[in-house]
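Each reported figure results from applying straightforward, stated rules to the coordinates on display, with no laboratory input. None of the values given here were measured: they were computed from a predicted structure.
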Amino acid sequence: MRISIPEAKTLEGYLFPDTYEYTATTTREQLVESMVKRFQRVYTAEKRETGFDLGR
């Protein structure tokens with residue numbers, strides 16, 4: 001798997017909830033990789049500083 005995350009015992013917190021398209025040949029590793037990469041695209045440095053706007 002080619003994802004870059006800080007050392008962690010689990011991927012909890014790095015799997016972005018979204019709708020993902022996959023096929024019968026998609027491996028678990030590919031699916032997890034796409035979820036982590038999506039998280040990294042959405043959770044930018046700005047978001048780390050300001051947080052997500054939860055509509056408040």
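Close amide H partners of PHE16, meaning residues 5 or more places away or on another chain with modelled amide H under 5 Å apart, are VAL36, PHE39. Along region 17-31 the Karplus relation, 6.51 cos²θ - 1.76 cosθ + 1.60 evaluated at θ = phi - 60°, assigns HN-Hα couplings of x, 6, 9, 10, 9, 8, 10, 5, 9, 5, 7, 4, 4, 5, 5 Hz to successive residues, with x for each Gly and Pro.
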